[in-house]
Amino acid sequence: KPAVALVAAAGSGTRLGAPVVKALVEVAGRTLVARSVDALARGGVDEAVVVVPAGLERAFADALADAPVSVRLVTGGAERQESVERGLAAVPADAIVLVHDAARPFVPVDVVASVIDAVRGGAVAVTPVIALADSVRMMQDGASTVVDRSALRAVQTPQGFDAGVLRASHRAAVQARRVVTDDVSVCEAAGHPVTLVAGSRRSFKITDPFDLEIAEAIAGG
Ligand code: CTP
Ligand code: MG
């Protein structure tokens, strides 16, 4: 089975506030989307479907012209979930699919490889996770209570699946009008077990201008 990356790159990057859409922002001279495709290819992905904002197909084709794997561009939707659904339509049902945020360009090779390995080993829905560094409090009715941090994990990408299972799970979510922010949760809601593998702090999502400062430091040094 081929391992196909589905790279979600159709967001605008409102919180980053850059003059171009987030996936086309450059860090040390290379765009986030090109860096993400490179990282996925190094980790063992065979091809990539990149979901891009409407009207920016040419700009993304240019940014990905020297990608190390073959790339197909698909136009995204208003929400991430819709962008992933559109991308999935371009992924063969018998493939292993890795859904990845273009905004996580520094995902390490071993994280990508361990997600692929887990799916090849029979896991249906796989996500990398990391423990939380900060203590956490839960807000409710104007008051707050401590939460046991040791039980919590932050969820990252790439998340790996049997493509047919992810497609069917997304269809069920649309029918139920269920809104979810990540893809293992889409599968979980459809009754599939979720498998966790070790993530990495390097897979952090570039969200605001401070994250871009960290990214420049990593890429430049
Ligand atoms: N994404 C997408 N389609 C959307 C919205 C988001 O493909 N309609 C992608 C983004 O391009 C990003 C990933 O999903 O790689 C994670 O989303 P996020 O970090 O929230 O990016 P944006 O939505 O672009 O940023 P913001 O929420 O600040 O506008
Ligand atoms: Mg967003």
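The values are calculated or read from the model by the stated rules, or taken from the named source; none is laboratory data. Since the structure is predicted, the reported quantities are computational estimates derived from the model, not experimental observations. FYI the Cβ positions are ideal-geometry reconstructions off the backbone, even for glycines, and counts take in every protein chain you see.
A54 falls short on exactly one of the conditions (1) hydrophobic (A, V, I, L, M, F, W, C); (2) within 12 Å of ligand 1 (Cβ to nearest atom); (3) under 17 Å from the mean Cα position of the chain (by Cα), and that condition is (3).
For region 140-153, residues that are hydrophobic (A, V, I, L, M, F, W, C) and in contact (Cβ under 8 Å) with a residue 40 or more places away in the chain total 0.
Could you look through region 81-92, keep only residues that are in contact with a strand residue (DSSP E or B) (Cβ under 9 Å, 6 or more places away or on another chain) and modelled with pLDDT of 95 or more, and pick out the one that is surrounded by the fewest Cβ atoms within 10 Å (Cβ to Cβ)? So, considering only residues that are in contact with a strand residue (DSSP E or B) (Cβ under 9 Å, 6 or more places away or on another chain) and modelled with pLDDT of 95 or more, the one surrounded by the fewest Cβ atoms within 10 Å (Cβ to Cβ) is A89. Flag: V99 does not match the condition of being more than 16 Å from ligand 2 (Cβ to nearest atom) and either of a type outside the set (D, E) or surrounded by fewer than 17 Cβ atoms within 10 Å (Cβ to Cβ) (or both). When A93, A65, A5, A18 are checked against the criterion of being within 16 Å of ligand 2 (Cβ to nearest atom) and not in a helix (DSSP H, G or I), A18 stands alone in meeting it.
Yes/no matrix, rows are residues, columns are (1) part of a loop (DSSP other than H, G, I, E, B); (2) modelled with pLDDT under 95; (3) on the phi < 0 side of the Ramachandran plot:
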{"site": "L98", "(1), (2), (3)": "no, no, yes"}
{"site": "A103", "(1), (2), (3)": "yes, no, yes"}
{"site": "D110", "(1), (2), (3)": "no, no, yes"}
{"site": "A113", "(1), (2), (3)": "no, no, yes"}
{"site": "V129", "(1), (2), (3)": "no, no, yes"}
{"site": "A154", "(1), (2), (3)": "no, no, yes"}
{"site": "L166", "(1), (2), (3)": "no, no, yes"}
{"site": "R178", "(1), (2), (3)": "yes, yes, yes"}
{"site": "S185", "(1), (2), (3)": "no, no, yes"}
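Would it be correct to say that V115 is in contact (Cβ under 8 Å) with a residue 60 or more places away in the chain, out of contact with any helix residue (DSSP H, G or I) (no Cβ under 7 Å at 6 or more places or on another chain) and surrounded by 24 or more Cβ atoms within 10 Å (Cβ to Cβ)? Here the answer is yes, as V115 does meet what is asked.
Residue count for region 21-31 under the criterion of being outside any loop (DSSP other than H, G, I, E, B) and within 8 Å of ligand 1 (Cβ to nearest atom): the result is 2.
Could we say that R35 is in a helix (DSSP H, G or I), of a type in the set (K, R) and more than 11 Å from ligand 1 (Cβ to nearest atom) here? Judged against the criteria, R35 is a match.
Every condition in (1) within 14 Å of ligand 2 (Cβ to nearest atom); (2) surrounded by fewer than 19 Cβ atoms within 10 Å (Cβ to Cβ) is met by R42 except one, and the failing one is (1). Listed by first and then second residue, the pairs linking a residue in region 10-31 that is under 15 Å from E213 (Cα atoms) to a residue that is within 16 Å of ligand 2 (Cβ to nearest atom) and of a type in the set (S, T, Y), with Cβ atoms under 9 Å apart and 6 or more places separating them unless they lie on different chains, are R15/T207; L16/T207; K22/S12; K22/T14; K22/T207.
Would you point out the residue of region 57-80, among those that are away from ligand 1 (no atom under 14 Å from the Cβ) and among the basic types (K, R), that is surrounded by the most Cβ atoms within 10 Å (Cβ to Cβ)? So, considering only residues that are away from ligand 1 (no atom under 14 Å from the Cβ) and among the basic types (K, R), the one surrounded by the most Cβ atoms within 10 Å (Cβ to Cβ) is R72. Please work out which residue is surrounded by the most Cβ atoms within 10 Å (Cβ to Cβ), limiting yourself to region 8-39 and to residues that are in contact with a Pro (Cβ under 6 Å, 6 or more places away or on another chain) and not small (G, A, S). The extreme case among them is L32.
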